[in-house]
Amino acid sequence: MSSPKLSRDEIEGLYVALGPALIAYGCCLLGDRGRAQDAVHQVFLRLLDQDSVTLREPRPYLYRALRNTALNLNRASAREQERWEEAALFRPVPGLESAGLDVEAALRELPDEQRQVVLMKVWGGLTFQEIAEVMDVPANTAASRYRYGLGRLRQRLAHLTE
Amino acid sequence: MSNDPEFEAFLRRFQPLAGAPLPRVAERRSRSRTWLAAALLLVATGLWWHLGPSRRAGSTSIRPRAASATWGALRDVVGADPQGLETTLERQAQQDLPDVGRRDGALRLLARFQNDL
């Protein structure tokens, strides 16, 4: 089966659809929102600069490209990933503003690898197989990290869901 | 709320913030062109400064230098393939100087070019 070629408009449409979740994942990798947004822009601008882009599965490709870009940025700036700054990650939901802050805090408290998997699965919509390809781990490892991460979140946010 | 899909649905009620729009490609290309123009201007100014007659008393101007280089290259071609040059000159003479119609015209031009140096 041949892969469809993406036009400029389609790439920009992908940014609108997937950009927010990618930036959230970038925050997890880079430690702050400004650097995350720059990294996501780099990924999409590279795509726009190509004459013809063929992506079989845009979603895992974009997550993997962002991960590589973030690793390069961390290496170039000789900065280890720092803890997230207190920048907002989610759009405020009317009536649930403080719950949103609790979810962000709970995500920050997760071990890095579990947080990455949770972000890609819940907000990125990737399958375990795709997450495994992004992170270079077996699919079973990605699934177990997800289970542990989600368990911790559920425990930490029990007061909101009961 | 014990099963995963239900808890996942709860988490998805909180949607990530949107990022800034992508910079427009046209703007970036325009910026690139501006930088390219500035770089070319800088190189041209540098060349003028380096080769210009006002730089050193008694120096030759850039024009004879360029012409001399052209003539040198022409002599190299003649040395390498005199017959080829003659054929080219004849064809060019017929094309550019139809009223002369003979290679002598082109050869006269060549001689004048040499004298101008």
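Bear in mind these aren't lab numbers, they're just calculated from the coordinates by the rules spelled out. Since the structure is predicted, the reported quantities are computational estimates derived from the model, not experimental observations. No Cβ is skipped: glycine too gets one built from the backbone with ideal geometry, and neighbour counts run over all protein chains shown.
Helix A:8-30 axis versus longest C-alpha principal axis of chain A: approximately 40°, rounded to the nearest ten. The longest stretch of chain A left intact once loop-based trypsin sites (Lys or Arg not before Pro) with at most 13 other Cβ atoms within 10 Å are removed from consideration, loops following DSSP, is A:84-162. Charged neighbours of residue A:59, selected by a Cβ distance under 14 Å, balance to 0 (K, R count +1; D, E count -1).
So for segment A:99-162, considering every pair of alpha-carbon atoms, how many percent are separated by more than 14 Å? Taking all Cα-Cα pairs of segment A:99-162, the fraction more than 14 Å apart is 53 percent.
Calculate, in whole percent, how much of the Cα-Cα pair population of chain A lies beyond 22 Å. I get 45 percent for the Cα pairs in chain A exceeding 22 Å.
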